[in-house]
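Contents: one structure, followed by commentary.
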Amino acid sequence: MFQITLLGTGSPSPNLTRHHPAALVEWGVGGHMLVDAGDGVVGQLLAAGKSLGAIENIALTHMHWDHILGYPALVWGGWSAGRNRMDVTGPVGTGDMHHQLVENYYREQAEWAIDLGFSRPGFDAIAVRDVPVGWSEMLDGCLLEAGPVHHPPMDALAFKFTYQGHNLVVTGDTGALR
Amino acid sequence: MQFVQDVDVLVIDACAVTPGDDLAPARRKIIQRLHEFHASPQDCVDIAAAANVGKVVLTHHLPGVMPEVDASAYSGEVIIGNDLDVIDVI
Ligand SMILES: [Zn+2]
C-alpha cells in the first residue's frame, strides 16, 4: 500500500468543501507522513477515518498560515487521542514555529494536563527539526527527500516519497518549477 | 524540475488561475500577483509533461474556481484534487 489522502485542497480563503492544505501519505503497514497541517486538519483526518493518536510524523512545506493553523490543534488532538511521540520536519523556521505557537503559549496548560493524567511524552517528546533542500532519510522503508520549490519570500520545501520503486512528490506551494 | 523528473504521482500547487473579468479590481489584483509564487493549472500540466510525470494532481484551489487546462500535450493523467480524495501511488 502506498497512497495519499488529500485532506485539504483549498487556499487561505475559508471554505467548507476545500479545507486548508494538508495531505496524509501512507505506505506499507503503519508508515505515514502528514504533509502540512492547515486549518481543519484534525477534522479532516477524522472525516477520512484516520486515527489521530497514530499520526506521529509531520512534514511541513513552509510556515504560511494556511499550512500550519491546524498544527497546534493536531498537537493537542493527537495527544488526547493517545499519541506518545511526534517528529516534525520542515524548512528553516519550523522549530521556531513550534516554540512560539506550542511550547511558549501552551506549556503551562500542558503541565496542567499532565498533572490531570495526560502522558508527558505526548507533549514533551515532540522532536522538531529544520532541514535544508537535499535532506533525506529512510522512514519505515520509505525514502524521504526534501527538494527545492519557488515560493518567495518563504523558505519552502517539496517532499518526495520513494517506496518499493515508486514515488510521489508533494510540492507544497510553488511557482512554476524550472 | 529535476526533483519531479519521472515521478509516478505529483501533487502540486495550482493556485494561480487567470482572474475572470467579473472580479472586483482588488480581488483581480491579488489573483494576478499569485503567479509570482504559485503555479497556474496549465503550468502544472506543462511541468508534468516536461518531467514525464505519471499522474499530476492539482491542489490549492481558490473557492468557486474550476481550473481549466489543455492537457493535449500530456500523456499522463490529470486529476483535479478534491478534499478526501485518495490517490494510489502503487
Ligand atoms: Zn504559501
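The values are calculated or read from the model by the stated rules, or taken from the named source; none is laboratory data. Source: prediction; values computed, not measured. When we count neighbours, we look across all protein chains shown, and the Cβ atoms used for this are built from the backbone with ideal geometry, even at glycine. Each accessible area value is taken on the protein alone, full model and side chains, heavy atoms only, with ligands, DNA and RNA left out. Shrake-Rupley method; radii C 1.70, N 1.55, O 1.52, S 1.80 Å.
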Original post:
Residues of segment A:147-178 being more than 16 Å from B:VAL45 (Cα to Cα), charged (D, E, K, R) and at the interface with chain B (Cβ under 7 Å from one of its Cβ atoms), which ones?
Top reply: A:LYS160
Original post:
Looking at (1) in a loop (DSSP other than H, G, I, E, B); (2) closer than 24 Å to A:VAL169 by Cα, which is the one condition that is false for A:ASP87?
Top reply: (1)
**OP:** Select the strands (runs of 3 or more DSSP E) contained entirely in segment A:101-178, then report the ones holding at least 2 residues which are away from the ligand (no atom under 16 Å from the Cβ), in contact (Cβ under 8 Å) with a residue 12 or more places away in the chain and in contact with a Cys (Cβ under 8 Å, 6 or more places away or on another chain).
**Re:** A:157-163
Subject >> Single condition B:PRO63 does not satisfy, out of (1) touching a Lys or Arg at 6+ places or on another chain (Cβ under 9 Å); (2) facing another protein chain (nearest Cβ under 7 Å); (3) modelled with pLDDT of 95 or more >> reply: (3)
Subject >> Pick from segment B:17-40, criterion within 11 Å of chain A (Cβ to nearest Cβ) and either of a type in the set (D, E, K, R) or in contact with a strand residue (DSSP E or B) (Cβ under 8 Å, 6 or more places away or on another chain) (or both), ranking: surrounded by the most Cβ atoms within 10 Å (Cβ to Cβ) >> reply: B:ALA39
**OP:** Scan segment B:58-78 and give yes if some residue there is over 17 Å from A:HIS150 (Cα atoms), in contact with a His (Cβ under 6 Å, 6 or more places away or on another chain) and either open to solvent by 20 Å² or more (accessible area, probe 1.4 Å) or in a strand (DSSP E or B) (or both), otherwise no.
**Re:** no
**OP:** Take A:ASP87 and decide whether it is of a type in the set (D, E, K, R) and open to solvent by 10 Å² or more (accessible area, probe 1.4 Å).
**Re:** yes
Original post:
Could you say which residue among A:PRO121, A:PRO152 is in contact with a Phe, Trp or Tyr (Cβ under 6 Å, 6 or more places away or on another chain) and open to solvent by 50 Å² or more (accessible area, probe 1.4 Å)?
Top reply: A:PRO152
